[in-house]
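Read through the structure below, which is laid out as structure tokens, and then see the notes.
Values quoted throughout were computed directly from the atomic coordinates according to the rules given, and no laboratory measurement underlies them. Note that the coordinates shown come from a computational prediction; the quantities given were computed from them, not determined experimentally. Cβ coordinates were reconstructed from backbone atoms using ideal geometry, including for glycine residues, and neighbour counts include every protein chain displayed.
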Amino acid sequence: MKTTLFALVFLFAACQANPPATDLEKRTDAYLAQYTPYKMHFDASGFSDTDKTILKKLMQAADHIDTLFWLQTSKRGMVLRDSLQNVKNDPLAAKLLTLVKHSAGPFELLANHETIIGSEVFYPGGEVYPHGMTAAEFDAYIAILQKSEQAEFMSPYTVIREDGQCCYQAISYYDEYKQHVDPIVQLLNECADLTDNASFAKFLRLKAKALTTDNYYDADVAWIDVEDNKFDIVFGPFETYSDGIKGVKAKYEAYIEIVDQEESKNLDIYTKYLQQLEENLPIPDEYKSVVSGLAAKFVVVQDIRRAGEGAAGYQSVATNLPNDPAVHKQKGTKKTFWKNMFEARFNAIIKPVSMKLIDESQLQFLSDAGFFQFVLMHEICHAVGPRTVKVGPKTGMATNAAIGPNYNALEECKADVAGLYSLAWLMDNGVVDESKEKSFYVSFLGSLFRSVRFGLHEAHAKAAAISLSYLLENGALTYDNATGRWSVEFDKMRAGLKSLAAELLILEGDGDNAAVEAFFAKWARVTPELEASLAAVSDLAIDVLPEYSITWE
């Protein structure tokens, strides 16, 4: 009993602004109601002893990845997490621990970073910038630096620190986090020694080396080239979503996955159409890229562990990586689809929300297959369109660096819309069954309602709000005030998607953040129709809370 009281007093006394315990419990319950637990079990008992050893070592490496992500995100959150883990037999502490772990800190990610406990105010730079540094201050400082120094400050793999005098310095991830990176390096090399798959072994060794050099090109290329392996991993610093200062700093994440070889091979047909999809984009030629000859690897997997950014907040069903424009240009990308998370997302979230918000006559077209096809095209179309600025004074600059944090929502919306626009081309050319078109659009609509509920501070939610407001105003969607339900106007959907895709792609090709902000001000908003819809489903969970477990013997 002393341990419980001591730990809670420690937490609540961390700041005088904490509410009484009863109020805290109510808020905690309200936050938890946003999630629905979903069991993710995997039976590994049929694997060989060697394969089990590899998986267990990858799990250990993922533990270190998780620590790296917390160090990048919230050191205060680590203190809260560890204190709560020491509290025994207290229901409130257990609930708070669930929230703090899922948010990777004391700020609830589905509530616009509201403070869960304590009074610390959310800082969008996390722990990779000096606390309080703004984008304007960052820009002003690097403006006086040499170009080589500017590149170090803008690198995805450096943290920005005060130098103890008057200035700042960019420190490589490895130098900053060596204590936790070195054990990962050892574990990955041990796995490489154990595996009988040469391509996987090559990738593991190159990834281990890359973690010490912060140069990931060779490892990323080797990852795309892995063939016929039972396992795959997404491992290292990739996504920049949570860099709210410049939108360039990559966070560590880990997914450990079991590959479905047959389903993966079924998707290979899409690889040969990348250049045709690029040429079909509704933009002038100067905005287009050459993507023929690039690899577009499709991997369908079941993930058995998520760590770091992969486990925090928004639970992805698919990803298109790496993000390095140099790898995109010279090699391509790998598109990973987590089929167990697809199942969880559709059954636990999208379907219940859609049953309340989509016109009853169109619910017949809602399907998990339609949702999968939409996500598939979303990931494919991360690879088309401008990856560098094509027109204007920033020509040649990476689009994410040119635009900043707003790029994430813009790119998510572009992938959504260009994906469906490109899907029409595939249907017209006999690659995809055109009789399923209504299912694709209705399932897309259902997924928008799911994403927008994260709040417009989150990239996927902002992207969904843009699509909903733009397509509504342009007649591709309609809203019935009497029933509170939405419908797809099937005869207008293609035109609406084409128009929106063109605007999004040109914004990326121009790399003008002021233009992006003006576009967001017009379209990334909660319309009266959307406000009513959000209220109608406020009693439903917003996302799944995966509960992973493994049977080893």
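The largest-to-smallest principal axis extents of the Cα set in the stretch 175-551 are 64, 54, 42 Å.
R305 sits among other residues whose Cβ lies under 13 Å from its own Cβ, and their net charge, with Lys and Arg +1 and Asp and Glu -1, is -4.
Highest average first, the peptides 105-111, 271-277, 94-100 ordered by how many other beta carbon atoms sit within 10 Å of their residues are 105-111, 94-100, 271-277. Our summary of shape: the Cα atoms of the stretch 311-377 have principal axis extents of 47, 25, 17 Å, ordered from largest down, in whole angstrom. When D268, D416 are sorted by how many other C-beta atoms sit within 10 angstrom of their C-beta, beginning with the fewest, the order is D268, D416. Annotation: aspartates and glutamates with alpha-carbon distance below 19 angstrom to K329 (same-chain offsets under eight excluded): D218, D220, D225, E239, E278, E279, D285, E286, E379, E411, E508, D510.
Among K438, K251, a tally of other beta-carbon atoms within 10 Å of each Cβ gives an order, fewest to most, of K438, K251.
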